[in-house]
1. Among the residues of the range 70-115, which ones are touching a strand residue (DSSP E or B) at 6+ places or on another chain (Cβ under 6 Å) and assigned to a loop (DSSP other than H, G, I, E, B)?
2. So, in the range 44-57, how many residues would count as being closer than 20 Å to residue 113 by Cα, open to solvent by 50 Å² or more (accessible area, probe 1.4 Å) and of a type outside the set (Lys, Arg)?
3. Among the residues of the range 15-55 satisfying the criterion of being part of a strand (DSSP E or B), among the acidic types (Asp, Glu) and over 13 Å from residue 97 (Cβ atoms), which is modelled with the lowest pLDDT?
4. Could you tell me how many of the residues in the range 1-43 are more than 21 Å from residue 76 (Cβ to Cβ) and open to solvent by 40 Å² or more (accessible area, probe 1.4 Å)?
5. Output the residues belonging to the range 102-116 that are closer than 19 Å to residue 25 by Cα and touching a helix residue (DSSP H, G or I) at 6+ places or on another chain (Cβ under 8 Å).
6. Mind listing just one residue for me: the one in the range 72-112 that is charged (D, E, K, R) and open to solvent by less than 40 Å² (accessible area, probe 1.4 Å) and, of those, nearest to residue 54 (Cα to Cα)?
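The values are calculated or read from the model by the stated rules, or taken from the named source; none is laboratory data. Keep in mind that this is a model prediction, so the values were computed, not measured. Neighbour counts are summed over all protein chains in view; Cβ atoms, including those assigned to glycine, are modelled from backbone coordinates with ideal geometry. These accessible areas exclude ligands, DNA and RNA; they are computed on the full protein's heavy atoms, side chains included. Shrake-Rupley method; radii C 1.70, N 1.55, O 1.52, S 1.80 Å.
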Amino acid sequence: MNKRVVGNAKETEAIHYLTKLGFTILERNFYTRAGEIDIVAKDGDYLAFVEVKYRWNLRCGFPSEAVTKRKQRKIVQCARYYLLTHGYGEETPCRFDVVVFVGEKIDLIKNAYETR
């Protein structure tokens, strides 16, 4: 399978996983000029911007390590645009989560990084 097919399948799995945890999925693959957010969801009072990362094994490192500072800045930029274009105010509580897959094991890292 190619990476795009695997990536789409893992994003679908992540959506099912988040839904089981009580998240409400608002958007998938939100694109802007700055980049893309895999999943935008509501978790209680929080708006969660979720990146999905998959690794077959840990030989290339833990999946969340692929969310580099540069990638984080892009996601934050996209999130700001999302807030602006979807009528959310600056006071909206937001966080940046990462759903990680190692093989078939799935886990959620809430507040995976700060917006700075």
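1. 92, 93, 110, 111, 112, 113
2. Residues in the range 44-57 being closer than 20 Å to residue 113 by Cα, open to solvent by 50 Å² or more (accessible area, probe 1.4 Å) and of a type outside the set (Lys, Arg): 4 in total.
3. 36
4. Qualifying residue count, the range 1-43: 16.
5. If the condition is that a residue be closer than 19 Å to residue 25 by Cα and touching a helix residue (DSSP H, G or I) at 6+ places or on another chain (Cβ under 8 Å), then 106, 108, 109, 112 are the ones that fit.
6. Among those that are charged (D, E, K, R) and open to solvent by less than 40 Å² (accessible area, probe 1.4 Å), it is 97.
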